[in-house]
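Below is one structure, written out as C-alpha cells; comments come after it.
What follows is calculated from the coordinates using simple rules that are stated; it is not laboratory data. What you are looking at is a predicted structure, and each value in this text was computed from that prediction instead of being measured. Cβ placement follows ideal geometry from the backbone for every residue including glycine, while neighbour counts extend to all protein chains displayed.
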Amino acid sequence: MESLTGKNILVIHDGNKGHLKQSMALIGIIKRQAEAQGGIPDSIAVQVVEAKFKNWSLKAFIKVFNPYLSPRHPFQKLLLPPCMVPESLQEIMAQTPDVIVSCGAAGSGVSTLLKKKTGAKNIVILNPGFITRDDFDLAIVPHHDVWQWMPFKSNVVTTDLALNPVTPEGLAHLNTGGPSAYVPAGSMAVGLLVGGNNRSFRFTGTVTDALAREVARLCKELKAQLYCTTSRRTPRNVDAALEHAFEGQPFCRIFVRGREDRNSATVEKILACSNLIIVSGESISMVSEAVSSGKPVVVFMPQKVLPVYTKYERFIRNLVSKGFVTKVDVEKIGNIAADSLIQSRENPSADDARRILAQCWPLFTRRSELKHDR
C-alpha cells in the first residue's frame, strides 16, 4: 500500500513485557491491514526502544507524576532527565519516526516529548490519564480502564479486550505443523490457563483444591485431554498442588509451570489445540488471549480479598454481558455441559481491530502532509 511504504513506527516500552506485548499486537493489526489492502507489511519499519529508568522508585515516581509530563506543562523537561538513564533518553530523542507507540504511563512522557520535537503522530495504549489524553493523537483504552465519570473524547477508542497477538487464523497455522505434543489425537481437549495472586484476588487452598477437582471431573466426564499452563504470577504452592493433581493422570496431556516456561508460544499452542478454554478472571491478558482465539471461554474468579469493585470484575462483567464468556463459580466448573464446547460465539477481537483501525489508519495516511511542515 503506497501510503504506508517507508513509514517508520517507533515503539517505546518501559521494560514491562505485557506493555510491549500490547504494543506489538497493535503493530500486528496495522501490518495485517496493510497486507489486506495489497501492501507489503515489511515495508513498515518498526523500531523498539526501551525507556530505561535509573531505578524502580524513579519509574514509579514518573507514573505518579504523569500529569506533569504533558508538553503543555513546564515541568516535563525538568522531570524526565533526572529519572531516566541518559543514554536511553538520548537514544529515544534521536529518533525521527512517523508514528510513536507507547503503552502505560511510564513511557508516555517521553513519547509526548519526542512528538513535540519531531511532529510525529503518537498513540498510547491504556489510559494515560484525563489530563494528558489530549497530548496523544490516539488513546487505545480497554473498557475496564475507562473512568466512567470522565467525558469521552474523539481521540479515544475503547476495546473490549486487552490488545494481544492471538487470532484464529494464527492459531490454525500453529496447529497444522505435523506431530507435536500439543496436537490432540482426535479427541476433545480442554485448555486451562491459571493466573496468580494480585492485590484483589488470591488463589487460596480452597480455590486451588476445587479447581483441580472440578477440572479433573470435567475432563473425565467429557473424555477430554487437558492442556494446562500456570503463569509467572502463580504462587509456587499452587503450581505444586495443580501439578500433583494433574501430572500422571491419563487425561493430562500437558502441564507447564509458567515461572519455568521459556517457550513464548505455550499459551497460543494450548489455545490452538483446545475446544474449550477455562481461565482465571484476574488475568486480563490471559482472558483476552482466550477470547481472541474464537473458542468458547469459561471464566472463574479466585478468592476476592478486597471489598471494592475491581477493574477485573468490570472487565469480566462486560464480556459476560456481551456473550463473549461464561462465568462460573470454581466449585461448578465440573458441571459445564458438553454443549459449551460447540456454542458459536462472536469474537470481539475483530471488532476491537476495526475500531482501532478506523481511527489509527489516518495517522499513517496523513503523515506525508506533516513532513512538509517540519
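Some notes on this structure:
- Reachable aspartates and glutamates from K223, criterion Cα separation under 17 angstrom, eight or more residues apart if same chain: E214, E247, D339
- Calculated FRET efficiency for the pair D134/R314, C-beta based, R₀ 30 Å, to 0.05: 0.75
- Spacing of the two label points (7 Å from each Cα toward its C-beta) at K117 and S57, in nm: 2.8
- Estimated distance in nm for a label pair at K322 and T96, the labels positioned 7 Å out from Cα along Cα-to-Cβ: 4.1
- Under 12 Å from the N198 label point (7 Å along Cα→beta-carbon), backbone N, region 292-322: 302, 310-316
- Net length available on complete extension from A240 to T206 is 10.8 nm, with 0.36 nm assigned per residue and the Cα-Cα distance removed.
- Neighbour net charge for C83 - beta-carbon separation under 11 angstrom, K R +1, D E -1: +4
- Over 23 Å (Cα to Cα) - which of K54/K311; K52/K311; K21/K121; K21/K63 fall in this group: K54/K311; K52/K311
- Where a label projected 7 Å from the Cα of Q249 along Cα→Cβ would reach, residues of region 273-305 with amide N under 13 Å: none
- Extension gain for D261-V146 works out to 38.1 nm (0.36 nm per residue, less the C-alpha to C-alpha distance).
- Net lengthening on full extension, K332/E35 (0.36 nm per residue, minus Cα-Cα): 102.5 nm
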